[in-house]
Amino acid sequence: MEAPNANHPILLVEDNPLDVDLTLRAFARRKLTNPILIARNGEEAIQWIEKWEQGSEQPVVVLLDLKLPKISGLEVLSALKKHPKYYAIPVVVLTTSSENDDVKKAYELGANSYIVKPVDFDKFVDVAATIEIYWTIINHPSPSK
């Protein structure tokens with residue numbers, strides 16, 4: 001039986017090239033079949049809304065860093081969760097910040113999960129495995145409008 005979300009894209013919103021590489025390598029090690037789309041700042045992340053409006057496939061999950069240039073991750077989260085059509089796309093905050101204020105604000109804005117990035121690659125692979133299993137295999141997304 002194929003996972004319900006296999007082959008649907010994952011949107012990674014991350015400005016640090018090393019963290020992008022780390023995430024891609026972790027998913028590659030897991031042999032993740034979902035394509036990974038990358039937005040390298042908050043502005044690029046917001047631009048995906050227009051791309052979805054024009055027919056681009058919506059992601060099964062958004063992996064969102066909070067510390068982004070141009071538009072912050074919290075602003076991106078707010079825009080996604082306030083959108084009448086795309087509010088149900090799960091957003092997993094994947095960030096280095098473990099500050100209580102950031103965690104609280106992210107959940108207040110509608111984050112579905114909050115994960116502090118581990119520095120160790122093997123631990124990051126474990127996080128990637130958890131994300132993959134839950135968001136692409138176990139979780140059943142809200143039907144599209």
I'm checking my understanding of the structure. Among residues of the stretch 103-129 that are exposed (fewer than 14 other Cβ atoms within 10 Å of the Cβ) and basic (Lys, Arg), which one is modelled with the highest pLDDT? LYS104
LYS104 within 21 Å of GLU50 (Cβ to Cβ), out of contact with any Pro (no Cβ under 6 Å at 6 or more places or on another chain) and basic (Lys, Arg): no
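Let's see how each residue does on (1) at pLDDT 90 or above; (2) among the acidic types (Asp, Glu); (3) surrounded by fewer than 17 Cβ atoms within 10 Å (Cβ to Cβ):
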residue	(1), (2), (3)
LYS82	yes, no, yes
TYR87	yes, no, yes
VAL93	yes, no, no
ASP101	yes, yes, yes
ILE131	no, no, no
SER142	no, no, yes
Unmet requirement for PHE121, which otherwise passes all of (1) within 20 Å of ASP19 (Cα to Cα); (2) in contact with a Ser or Thr (Cβ under 8 Å, 6 or more places away or on another chain); (3) not aliphatic (A, V, I, L, M): (2)
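Is it the case that LEU63 is modelled with pLDDT under 95, within 17 Å of THR23 (Cα to Cα) and not small (Gly, Ala, Ser)? Break it down into steps so the answer makes sense when it comes.
Values: modelled with pLDDT under 95: no; within 17 Å of THR23 (Cα to Cα): yes; not small (Gly, Ala, Ser): yes.
Criteria not met by LEU63.
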Kindly establish whether LYS70 is surrounded by fewer than 15 Cβ atoms within 10 Å (Cβ to Cβ), on the phi > 0 side of the Ramachandran plot and of a type in the set (Lys, Arg). yes
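From the list LEU74, LEU37, pick out the single residue that is over 22 Å from ASP102 (Cβ atoms), modelled with pLDDT of 95 or more and touching a helix residue (DSSP H, G or I) at 6+ places or on another chain (Cβ under 8 Å).
Details: LEU74 fails: over 22 Å from ASP102 (Cβ atoms).
Just a single option satisfies the conditions, and that option is LEU37.
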Six or more apart or on different chains, Cβ atoms under 7 Å: show the pairs whose first residue is in the stretch 19-34 and surrounded by 15 or more Cβ atoms within 10 Å (Cβ to Cβ) and whose second is among the acidic types (Asp, Glu) and modelled with pLDDT of 90 or more. VAL20/GLU14; THR23/GLU14
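Evaluate the following for ILE36: is it under 12 Å from the mean Cα position of the chain (by Cα) and of a type outside the set (Asp, Glu)? Give the steps one after another, and end with the answer.
Values: under 12 Å from the mean Cα position of the chain (by Cα): yes; of a type outside the set (Asp, Glu): yes.
Yes: the conditions hold for ILE36.
The values are calculated or read from the model by the stated rules, or taken from the named source; none is laboratory data. Quick caveat, the model's predicted, so the values are computed rather than measured. Glycine gets a Cβ as well: all are built from the backbone with ideal geometry, and neighbour counts include every protein chain shown.
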